Amino acid sequence: DSGVTQTPKHLITATGQRVTLRCSPRSGDLSVYWYQQSLDQGLQFLIQYYNGEERAKGNILERFSAQQFPDLHSELNLSSLELGDSALYFCASSVAMGSGDGYTFGSGTRLTVV
Amino acid sequence: DQQVKQNSPSLSVQEGRISILNCDYTNSMFDYFLWYKKYPAEGPTFLISISSIKDKNEDGRFTVFLNKSAKHLSLHIVPSQPGDSAVYFCAASGRNTGNQFYFGTGTSLTVIP
């Protein structure tokens with residue numbers, strides 16, 4: 001158990017639908033990162049939050065949004081889902097921005113869009 | 001724009017031999033590098049890191065080498081064990097990336113008993 005909790009572990013939904021992925025960071029970590037891993041792709045950075053504020057954006061589609069709440073958990077919202085959104089979505093956390101210890105990853109949410 | 005590249009999607013090695021996983025990067029401002037290991041159905045876990053002030057860092061069976069002039073790093077596993085079979089990601093960050101880590105596409109290592 002890495003200390004980063006992601007729910008749900010698996011999600012199957014239809015095209016056009018909206019889903020919410022949840023992440024609880026490791027205790028004491030203020031930074032949360034979302035990554036997408038599609039088939040045969042590396043980890044694509046989506047977005048980062050630090051202590052409730054958005055700090056960096058990567059290749060995140062406009063149909064996707066995220067937020068970090070006062071208790072530091074984060075949610076990634078995916079809307080108007082397309083087949084190509086099927087992927088593993090990882091959340092990671094770190095103590096601070098740019099932590100030299102790298103990130104601690106959760107076990108991911110596997111999203112399947114049918 | 002893939003700033004961190006792992007050009008070998010897969011690698012097979014006999015148990016007991018050396019595994020060498022390679023990673024290239026394009027951003028000359030990257031100054032911190034990490035390797036992560038990922039088993040199926042799990043998230044990546046931190047393995048070893050190296051800062052640009054060093055050219056080598058060793059931790060048990062794992063050694064990471066950094067060649068800054070070639071913008072290349074490699075992970076050596078000696079001796080390789082079946083439990084090392086996993087996907088390995090390299091990642092890099094630097095001050096001009098907001099200390100954001102950029103990940104490669106991963107190399108799937110299979111250690112054959």
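What follows is calculated from the coordinates using simple rules that are stated; it is not laboratory data. Computed from a predicted structure; not experimentally measured. Reconstructed Cβ throughout: ideal geometry from the backbone, glycine too, with neighbour counts over all protein chains shown.
Given a Förster distance of 45 Å, report the FRET efficiency between residue A:83 and residue B:17 from their Cβ-Cβ distance, rounded to the nearest 0.05.
0.65
What is the Cα centroid distance between region A:19-84 and region B:49-68, reported in whole angstrom?
Region A:19-84 and region B:49-68 have Cα centres separated by 30 Å.
Among the listed pairs A:57/B:68; B:5/B:37; B:38/B:68, which have their C-alpha atoms separated by more than 23 angstrom in this model?
Table pairs above 23 Å Cα-Cα are A:57/B:68; B:38/B:68.
Per-residue HN-Hα couplings for region A:71-80, Karplus 6.51 cos²θ - 1.76 cosθ + 1.60 at θ = phi - 60°, whole Hz, x for Gly and Pro?
The phi angles translate into 7, 6, 6, 10, 10, 10, 9, 10, 10, 6 Hz.
With unit charges on the beta carbon (Lys/Arg positive, Asp/Glu negative), name the residue among A:89, B:10, A:19 whose Cα is farthest towards the positive pole of the charge dipole of the protein assembly as shown.
B:10
For chain B, divide the Cα radius of gyration by the Kirkwood radius and give the resulting Rg/Rh value with two decimals.
Ratio of gyration radius to Kirkwood radius for chain B: 0.96.
Place a +1 charge on the Cβ of each Lys and Arg in region B:7-62 and a -1 charge on the Cβ of each Asp and Glu, then give the dipole magnitude about the Cα centre in debye, rounded to the nearest 20. Show your work: numbers first, answer last.
Numbers: 6 positive and 7 negative charges, 22 e Å.
Charge dipole, region B:7-62, about its Cα centre: 100 debye, nearest 20.
Can you tell me which of A:14-21, A:102-109 comes out highest on packing, and rank the rest after it, using the mean Cβ neighbours within 10 Å? Walk me through the numbers before you get to the answer.
Details: A:14-21: 13.6, A:102-109: 23.2.
So the peptides A:14-21, A:102-109, ranked by packing, come out A:102-109, A:14-21.
Residues with beta-carbon under 15 Å from that of residue A:18, excluding residue A:18: net charge, scoring Lys, Arg +1 and Asp, Glu -1?
Spelling it out: positives minus negatives among the neighbours equals -2.
Under 20 Å from a point placed 7 Å out from the Cα of residue B:54 along the Cα-to-Cβ direction: which residues of region B:74-95 have their backbone N that close?
In region B:74-95, the label zone of residue B:54 (backbone N under 20 Å from the point 7 Å along Cα→Cβ) covers B:74-79, B:89-95.
With a/c under 1.5 counting as rounded, go ahead and sort chain A into rounded, prolate or oblate using the C-alpha gyration tensor (a ≥ b ≥ c being the square roots of the eigenvalues; past the cut-off, prolate if a/b is larger than b/c, else oblate).
Prolate.
With θ set to phi - 60°, apply the Karplus curve 6.51 cos²θ - 1.76 cosθ + 1.60 along region B:27-34 and write out the HN-Hα couplings as whole Hz, x wherever there is a Gly or Pro.
Listing the rounded values in order: 7, 5, 8, 4, 9, 8, 9, 9 Hz.
What is the set of long-range amide H partners of residue A:56 at a cut-off below 5 Å, with H atoms built 1.01 Å from backbone N?
A:48
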